[in-house]
Each structure stands twice: as structure tokens, then as C-alpha cells.
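FYI, it's all coordinate maths here, none of it is from the lab. None of these values were measured; they are calculated from a predicted model. Note that we place each Cβ from the backbone using ideal geometry, even for glycine, and neighbour counts take in every protein chain shown.
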Amino acid sequence: MRGHFFHKKDLEKILDNILNKTLGEVDANHVFNKTLSNPKVTGIAGDVIEQSVLGYPADNIQRPDLNVDGIDTELKTTGIRQSKHEPDKYEAKEPMSITAVSPKHIVLECFDSSKFWHKLKHMLLVYYHYASNKTVKAAEYADFYIRGYEFHEFDDIDVSRLRSDWEIVHNFIVEIQQNYDIPESQYPRMSSELRDKLVYIDTAPKWPNPPRFRLKRKVVTDIVQSHFGDKLEQLPGSYKCYRDVDNMCHDITIKDKGMTIEQLLLKYNIKVKDVNRVSKSVNEAIVVKMFGGKSKKMNQIELFDRFGLVGKSITTTKIGSRTEDTKLIPIDFEEWMDREVSFEESRLYDYFANHQLLCMMFEEPSINSPLYENKFLGFKRLSFSDEFIHNEVEKIWNEVRMLIMEKRLVETWVYDKKGKPIINKKTNTQKTSINFPKSKNNIVFVRGSGLDASVKTEEVNGIKMYKQYVWIKGLYIVDVLSNVQML
């Protein structure tokens with residue numbers, strides 16, 4: 001059965017007419033009325049576009065929604081929000097659900113004829129601005145503006161990555177069905193065992209709930225930002241899976257192992273004002289150059305952004321000890337204080353579940369040696385296990401939320417061992433401490449970061465503070481990486 005037929009030029013006229021109008025303004029068929037009896041109904045934005053804008057009823061048939069001039073086209077109404085870190089850019093509100101993961105059917109499919117690819121091959125994406133930092137009830141979607149639309153088709157690079165991901169899931173299920181008398185007993189392994197192997201997609205929710213294929217939020221964000229004019233640098237070469245990245249890292253290591261940071265800066269023609277004062281942030285620029293790029297930051301590179309690879313410099317001594325802890329992501333307190341947001345819906349979970357650390361390994365000659373003398377050893381890639389995420393990361397999420405929600409957040413003066421106040425030299429003010437989870441008792445912990453004690457941009461429960469970040473203990477990183485093979 002084919003989808004609802006439209007000419008592309010007619011669709012464009014319809015959608016052009018609703019741009020910069022709210023979902024409520026275009027709701028000619030009063031779809032929002034159902035929110036009166038069901039205030040938490042899901043999918044209300046998509047229902048409005050389908051039923052009030054395009055004029056056809058919703059259905060659950062596993063085929064693309066539309067037929068556009070003879071081409072089956074999947075309609076996706078997608079929420080976008082302003083980025084916390086780059087307010088002039090949009091990001092995806094959430095991952096994009098595609099279709100069910102059906103073990104009985106997927107084993108009989110190949111990628112090109114699969115329901116998964118049939119849904120993704122041609123898409124019509126309609127973007128609405130989720131203009132709230134907190135979870136809202138369905139009725140409030142009526143105030144959200146429609147900001148854009150696009151007929152989206154993946155390019156050859158994207159298709160190769162989607163194919164690789166789908167085949168990983170397909171082969172995993174085939175292997176289970178071939179090797180186990182009761183394959184259902186093994187399906188719960190799928191989400192956790194494949195998570196660090198899949199580039200563009202994940203499977204959620206977890207068994208025993210029927211999982212669906214989803215495009216990861218970072219992939220949807222890149223599609224959104226590309227549509228609104230933000231382009232990432234494309235590296236030379238072809239990378240369809242993590243193994244391709246690992247192979248490139250291996251080739252780089254063969255060429256550059258043993259070189260100091262100073263030598264690498266010269267080799268890759270990276271200009272610095274004073275090599276004696278160079279900071280570790282220059283290592284990101286080195287990695288980009290090693291891969292053939294021109295940008296200074298890894299998050300400006302399509303490969304690293306799409307693959308969720310976060311660059312981190314790991315410096316050890318000759319005996320393997322770590323010099324410092326690792327700062328990861330800033331805390332979005334508005335989200336952390338939103339009671340409607342679960343841990344697995346949070347940006348914190350998304351970071352640990354869908355990002356991996358591409359660790360550039362260095363060795364320092366001595367504890368007092370300058371940074372530019374550190375020697376490059378190679379790369380290691382680190383992903384976070386489900387056990388770690390739920391035992392260490394979720395614990396911090398819950399502790400911080402309880403401190404804030406129960407009004408138990410406290411700021412105290414800091415004293416030295418002799419009981420004397422510790423003074424910030426720049427501002428001549430006494431240092432304070434906030435009772436967030438500290439590194440003393442946690443592998444994952446919270447710590448503020450700022451250059452001037454008089455400039456505290458964050459305020460929580462009436463307490464002014466530095467921007468707060470989630471950190472991970474350096475000794476833990478070294479311990480885990482000791483069991484990870486150099487690429």
C-alpha cells in the first residue's frame with residue numbers, strides 16, 4: 001500500500017505557508033482538543049502536521065507516510081531547540097525513532113530492501129522549535145513555532161554508515177537465532193553489547209520492551225544544523241565504522257610515535273606564539289591535522305562529531321600514573337531540576353552512552369618537564385559500559401538532583417589544615433565550597449571551573465557559583481585504559 005499522494009510542488013506551497021506559525025495556529029482540525037483529556041499524549045506535533053496541515057489521518061502501518069511524485073517518503077516532525085553551548089545554533093530535541101526492530105523479519109532482509117532503509121531513504125523533515133528548557137504538557141506545544149522543512153536524502157557516506165550499523169544489528173540477531181534454542185533469552189544483550197559499535201543508530205527501549213531503531217540525537221543535530229546553514233569540515237578518506245577510525249589511528253601512530261609535542265607542531269605546521277607556554281588544548285589541533293583536517297577543534301569535523309568521538313589528552317608518567325582529572329561536560333541545571341526528565345532522557349546519559357573518548361596518549365619525561373616535551377605514544381578509544389553509566393554516572397545525577405530539589409545544597413567557607421581561611425589571591429576573597437559530589441568519594445564528580453572568583457555565572461538555590469562540570473577521576477581513566485589496547 002502506497003502512502004498519501006502529493007506533488008512535491010504542492011507540498012512545498014503548503015509547508016511554506018505554515019513557516020513561522022505556531023502549531024496551534026495551523027491546527028485547523030482541532031487536534032489539540034485531545035490534550036484536554038490526555039495532557040501527556042505523545043506525538044502531538046506530528047499529529048498536527050499530518051491531520052491539520054496535510055489532511056490525512058494517522059496510522060501505524062510500517063510504510064512511509066507519503067508518496068511524493070511516485071517516491072515513497074517518510075514524514076518526520078522533529079523538535080529542535082537552541083543549543084545551550086552555542087545559542088545561535090539549533091540542536092535536536094531527542095533521537096529520531098525510525099521503525100521497529102523485528103527479530104523475526106530482520107533476519108530475512110538485506111539492507112537495501114529492509115523496512116529500516118525504506119523509511120530512511122527519502123524523508124520529509126518538518127522542524128518545530130521546542131522553545132522551553134523544561135518538559136511541557138502536550139497542550140503547550142500549541143505555542144511552538146514551525147521553523148523549517150526539508151526533503152532529506154542521505155549522501156553516500158551516510159548511507160555506508162547506516163548500512164554498516166544495520167548489518168551489525170542484523171548479524172547479531174542472525175547469530176543468536178543460529179546458536180540458541182531460545183533466542184529470546186539473548187535479545188536483552190543487544191542494546192548494551194552493540195552500543196559502542198553503532199555510529200548512527202541505537203536500539204531503544206531495551207528488552208523486554210519492543211525496541212525500535214533510532215537515529216542518535218547527535219546525528220539528527222548534524223542534519224538540523226546543516227539545514228540551517230552550519231557546515232562541518234569533511235575529512236579526506238572514507239570512514240563508515242569505528243574500525244576505519246581505529247585503522248587510521250594505527251597508521252598515524254606508526255608514523256608519529258615517539259615525537260614530542262614540539263616536534264608534532266613543527267611537522268604539522270601548527271603555529272603557536274610561544275612553545276614554552278603552549279597549553280594541552282593544542283593537542284586537538286594536532287589530532288585534526290593528523291587526520292588531514294584544517295580546523296582547530298575536533299567538534300568542527302564531521303567525522304568526529306558524527307561518530308561521537310571526544311578528543312582527550314591523557315598524559316602519564318613513566319610508571320603509568322595520571323597527572324590530572326578529566327573535565328567532560330557542563331551541567332545544564334535546568335534539565336537536572338526538571339522532575340519530568342529521566343536519567344536516560346538526559347544529556348548526561350546521552351553523553352556517556354553515545355560518545356566515546358578518543359584518547360591521545362602522551363608520556364611526560366619527568367614531573368617537572370614542560371608540556372612540549374611530552375612524547376606521543378598513540379591512541380586508545382574508550383567507551384563507557386552500561387554498568388559504569390548506571391553505577392557511577394546515574395548516582396551523581398540522582399545525588400545532585402536530590403541536593404537541589406530537597407534544598408540541601410550548601411556553600412561553606414574553606415580553611416587550610418591550620419584553620420586559617422584560604423584566600424583567592426586575585427580577588428582577595430575567601431574560597432568557598434559547595435557540597436556537590438567530590439572526587440574524594442566518587443569516580444564521577446562535580447567541580448566548578450572559572451578564571452575569576454568574582455565572576456560566578458551560575459546560580460542554583462540562591463547560591464552563586466562557577467559554571468559546574470561533570471568530571472571523571474584521572475586514576476580511573478588510567479586504570480581502565482591500561483586494559484585497552486593501543487590502536
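Some points to look at:
- Full extension of the chain segment joining Thr427 with Lys231 gains 66.4 nm, where the gain is 0.36 nm per residue of separation less the Cα-Cα distance.
- Near the amide H of Tyr149, within less than 5 Å, lie the amide hydrogens of Tyr127, all on another chain or at least 5 residues away, with H placed in the peptide plane.
- Once the Cα atoms are used to define both axes, helix 217-227 deviates from the longest principal axis of the chain by about 70 degrees.
- Phi angles across region 86-99 convert, under the Karplus curve 6.51 cos²θ - 1.76 cosθ + 1.60 with θ = phi - 60°, into 3J(HN,Hα) values of 9, x, 7, 10, 8, 9, 6, 5, 7, x, 10, 5, 10, 6 Hz, Gly and Pro given as x.
- Of the labelled figures (1) 0.99; (2) 1.03; (3) 1.08, only one reflects Rg/Rh (Cα atoms, Kirkwood Rh) as derived from the coordinates, namely (1).
- Gyration tensor (alpha-carbon) shape descriptor, region 359-487, a/c threshold 1.5: oblate
- The angle between the Cα long axis of helix 156-179 and the longest principal axis of the Cα atoms of the chain comes to about 90 degrees, rounded to the nearest 10.
- Helix 242-256 and the longest principal axis of the Cα set of the chain meet at an angle near 30°.
- Based on Cα contacts under 8 Å between residues 6+ apart, region 4-227 shows a relative contact order of 24 percent.
- Net charge of Cβ neighbours under 15 Å - reference Glu175; Lys, Arg +1; Asp, Glu -1: -2
- Label zone (Asp386, point 7 Å along Cα-to-C-beta; backbone nitrogen cut-off 16 Å) within region 130-171: 169.
- With θ taken as phi - 60° and the Karplus curve 6.51 cos²θ - 1.76 cosθ + 1.60 applied, the whole-hertz 3J(HN,Hα) list for region 306-316 is 5, 7, x, 9, 9, x, 9, 8, 10, 10, 10 Hz, x standing for glycine and proline.
- Seen through its C-alpha gyration tensor, with square-root eigenvalues sorted a ≥ b ≥ c, region 4-227 comes out prolate because a/c lies at 1.5 or above while a/b is bigger than b/c.
- Cα shape, region 296-451, gyration tensor, a/c 1.5 rule: oblate
- Residue-by-residue Karplus 3J(HN,Hα) for region 12-23, coefficients 6.51, -1.76, 1.60, Hz, glycine and proline x: 4, 5, 4, 6, 4, 6, 9, 4, 6, 10, 7, 4
- The relative contact order of the chain, computed from alpha carbon pairs under 8 Å that lie at least 6 residues apart in sequence, is 12 percent.
- Under a 5 Å amide H cut-off, with hydrogens placed 1.01 Å from N, Leu198 pairs with nothing among residues at least 5 apart or on other chains.
- Eligible lysines near Lys473 by straight Cα distance, threshold 20 Å, same-chain separation 8 or greater: Lys280, Lys312, Lys318, Lys327, Lys380, Lys395, Lys438, Lys440
- Close amide H pairs (under 5 Å, H built 1.01 Å from N) link Lys89 with Ser83, residues at least 5 positions away or on another chain.
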